[in-house]
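The block underneath contains the structure these notes are about, expressed in structure tokens.
The values are calculated or read from the model by the stated rules, or taken from the named source; none is laboratory data. As the structure is a prediction and not an experimental result, all values here were calculated from the model. All Cβ positions, even for glycine, are placed from backbone atoms using ideal geometry, and neighbour counts span all protein chains on display. All accessible areas refer to the heavy atoms of the entire protein, side chains included, with ligands and DNA or RNA removed. Shrake-Rupley method; radii C 1.70, N 1.55, O 1.52, S 1.80 Å.
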Amino acid sequence: MTDIKSLSRAELEALMASFGQPKFRAKQVFQWLHRGAASFDEMTNLPKALQQKLAEECLLTVPQVERKQVSKLDGTIKYLWKLHDGNFVESVFMRYQHGNTICVSCEVGCLMGCAFCASTLGGLIRKLSAGEILDQVIFAEKESGQKISNIVMMGMGEPLDNYDAVMRFLELVNDPDGVNIGMRHISLSTCGLVDKIDKLATHQLQLTLSVSLHAPDDETRSKLMPVNKAVGVDRLFASCRNYFKTTGRRISYEYAMVDGVNDHDWQADLLVKHLKGMPGHVNLIPLNEVRESPYKPSRRVRQFQKRLESQGVTATVRRKLGGDIDASCGQLRKKALGLKDE
Ligand code: SAH
């Protein structure tokens, strides 16, 4: 079965041609798919025979809302989607002043093993297709009735570990006949797969790259993030420097503040040193406690921020949204799976 929503415009045109259909059919189908049609029957401007052919030959992914939680504090909505094969992923819809933002997942589970993260606890189950990443945007808009203008790829999974599907997703979501969200409204967050960061740089996309740094020294970073063991912080910053040089885009660094682990003054100073001569923005994240993890939220967030800023590095503390609905880091899916196990 062809996963039709993951097809590019050109591929969809080729598929229509193989069915003996004119080119304009591809545009019609594309628009239906990206508007969240739940079946081929809904595509009422297509001939019945084509609807039938599509239903026979193509997989139409339509995620089901398994659970939905709405924050009473700030209107954040957390969706747990059931995929066509019974797997679950989550997305979080957030209201910001600069527009509605959705945080999407790109994998079921994660391979990266970060010590503080709930998404990785069960390992990687599978990667999502481009269409399944896109579905989270399409169906959150449809379900909430609210327009989404920004996307952050900061949900479950590692985007650069699912490189081809993510690239395809970016192209699809950017299409004026589809969801039509511009690259400047998209952030992609990575734990730091350096070869892939180098590859991404060559595309010169206008998106914002976020690097999950969490520590400026190898000892601490390798303890928190196994991915660091093979490459190290120096190599990571070399890729970041190259990325900035090639794209001209300032990188954002995620830094989850962990009590007594990465919140020392000397670590702020070392971070400043790494960023010398390269504009960067540090996003300090209050650690979300995960029951299975020994790490606690830092009590030095403001001091750490001041120490960075006094040395010329811009640092903001991320506002917490959806605090009453576990709107972070694999918690909802885990709960749902936990319930199923009982
Ligand atoms: N794999 C990608 C994107 C998904 S995680 C990445 O590593 O960047 C999105 C962000 O949430 C990352 O910065 C991640 O390190 C952070 N994160 C994960 N668990 C967290 C927790 N318990 N508290 C705070 N931030 C967390």
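Protein chains only, probe 1.4 Å: how do Ser129, Ser91 rank by accessible area, largest first? Intermediate values should be presented prior to the final figure.
Details: Ser129 30, Ser91 0 Å².
So, going from the largest accessible area down, we get Ser129, Ser91.
Just the projected area, averaged over all directions, of the convex hull on the alpha carbon atoms of the chain: how many nm²?
Details: hull surface 70.9 nm².
Answer in nm², one decimal: 17.7.
With only Lys, Arg, Asp and Glu charged, each at its Cβ (+1 for the first two, -1 for the last two), find how big the charge dipole of the chain is about the Cα centre; round to the nearest 20 debye. Spell out each step's value before the answer.
Values: 46 positive and 40 negative charges, 181 e Å.
The calculation lands at about 860 debye.
Across the stretch 279-284, in residue order, what do the Karplus-derived ³J(HN,Hα) couplings come to in whole Hz, using 6.51 cos²θ - 1.76 cosθ + 1.60 with θ = phi - 60° and x for Gly and Pro?
Once θ is set to phi - 60°, the couplings for the stretch 279-284 become x, x, 10, 9, 10, 8 Hz.
Could you compute the FRET efficiency for Asp195 and Asp218, with r as their C-beta to C-beta distance and R0 at 25 Å, rounded to 0.05? List each step's numbers first, then the result.
Numbers: r = 18 Å, r/R0 = 0.74.
The value I calculate is 0.85.
Ranked highest first by the average count of other Cβ atoms within 10 Å around their residues, in what order do 204-216, 243-255 fall? Present the calculation step by step, with values, prior to reporting the outcome.
Details: 204-216: 20.7, 243-255: 18.0.
The most tightly packed comes first, giving 204-216, 243-255.
Dividing the alpha-carbon radius of gyration of the stretch 129-234 by 2.2 N^0.38 Å (N being the number of residues), what value is obtained? Display every interim value, and only then the final one.
Values: Rg = 15.3 Å, N = 106, 2.2 N^0.38 = 12.9 Å.
Compactness ratio reported: 1.19.
For the stretch 64-337, with every protein chain kept in place, what is the accessible area per residue (1.4 Å probe, Å²)? Mind dumping the intermediate values first?
On the way: 11330 Å² over 274 residues.
Averaged over the residues of the stretch 64-337, the accessible area is 41 Å².
Quick one: P(r) of the stretch 80-198 from all Cα-Cα pairs, 10 Å bins, percents rounded to integers, in order of increasing distance.
Per 10 Å bin, starting at zero, the Cα-Cα P(r) for the stretch 80-198 comes out as 14, 48, 33, 6, 0 percent.
P(r) tail for the stretch 240-332, what percent of Cα pairs lie past 21 Å?
Numbers: 1660 of 4278 pairs.
Distances greater than 21 Å cover 39 percent of the Cα pairs.
Looking at the square roots a ≥ b ≥ c of the eigenvalues of the Cα gyration tensor of the stretch 1-143, which shape do they give, rounded for a/c under 1.5, prolate if a/b is larger than b/c, or oblate?
The shape class here is prolate.
Taking a virtual spin label 7 Å from the Cα of Arg318 along the C-beta vector, which residues in the stretch 103-134 bring their backbone nitrogen under 19 Å of it?
103-121
How large, in percent, is the carbon and sulfur part of the accessible surface of the stretch 2-59 at a probe radius of 1.4 Å?
Solvent-exposed carbon and sulfur of the stretch 2-59 make up 53 percent of the total.
In the chain, with Lys and Arg counted as +1 and Asp and Glu as -1 at Cβ, which of these residues, Ser149, Val313, Gln204, has the Cα nearest the positive end of the dipole, that is, farthest along it?
Final value for the positive-end residue is Val313.
What are the ³J(HN,Hα) values, in whole Hz, obtained from phi via the Karplus relation 6.51 cos²θ - 1.76 cosθ + 1.60 with θ = phi - 60°, for each residue of the stretch 87-97 in sequence order, with x given for Gly and Pro?
3J(HN,Hα) across the stretch 87-97, in whole Hz: 6, 10, 9, 10, 9, 10, 9, 10, 9, 10, 4.
Test of understanding: what is the full-extension gain from Asp175 to Glu11, defined as 0.36 nm times their sequence separation minus their Cα-Cα distance?
Numbers: separation 164, 0.36 × 164 = 59.04 nm, distance 1.41 nm.
Gain on extension, Asp175 to Glu11, equals 57.6 nm.
Pop the C-beta distance of Arg126 and Glu309 into the FRET formula with R0 = 35 Å and round what comes out to the nearest 0.05.
After rounding, the FRET efficiency stands at 0.25.
Evaluate E = 1/(1 + (r/R0)^6) for Asn87 and Glu57, where r is the Cβ-Cβ distance and R0 equals 25 Å; express this FRET efficiency to the nearest 0.05.
On the way: r = 23 Å, r/R0 = 0.93.
In this case the efficiency is close to 0.60.
At 0.36 nm per residue, and after removing the present C-alpha to C-alpha distance, how many nm does the segment from Val65 to Lys245 gain when stretched out fully?
On the way: separation 180, 0.36 × 180 = 64.80 nm, distance 4.22 nm.
Between Val65 and Lys245, full extension yields an extra 60.6 nm.
Going by accessible area, probe 1.4 Å, with all protein chains left in place, what is the ranking of Lys5, Lys196, largest first?
Lys196, Lys5
Send over the semi-axes of the stretch 10-58's equivalent ellipsoid, whole angstrom and largest first, taken as the square roots of 5 times the C-alpha gyration tensor eigenvalues.
On the way: eigenvalues 46, 31, 18 Å².
Ellipsoid half-lengths, sorted descending, are 15, 12, 9 Å.
Express in nm, to one decimal, how much length is gained between Asn45 and Thr202 on full extension, taking 0.36 nm for each residue of separation and deducting their alpha carbon distance.
Working: separation 157, 0.36 × 157 = 56.52 nm, distance 4.02 nm.
Contour length minus the Cα-Cα distance gives 52.5 nm.
Sorting Glu289, Glu158 by accessible area (1.4 Å probe), largest first, what list results?
Numbers: Glu289 100, Glu158 10 Å².
Largest accessible area first, the list is Glu289, Glu158.
Quick query: amide H of Ala256 versus all other amide H atoms, modeled in the peptide plane; which residues come in under 5 Å with a sequence gap of 5 or more or a different chain?
Placed amide hydrogens put His214, Ile285 under 5 Å from Ala256.
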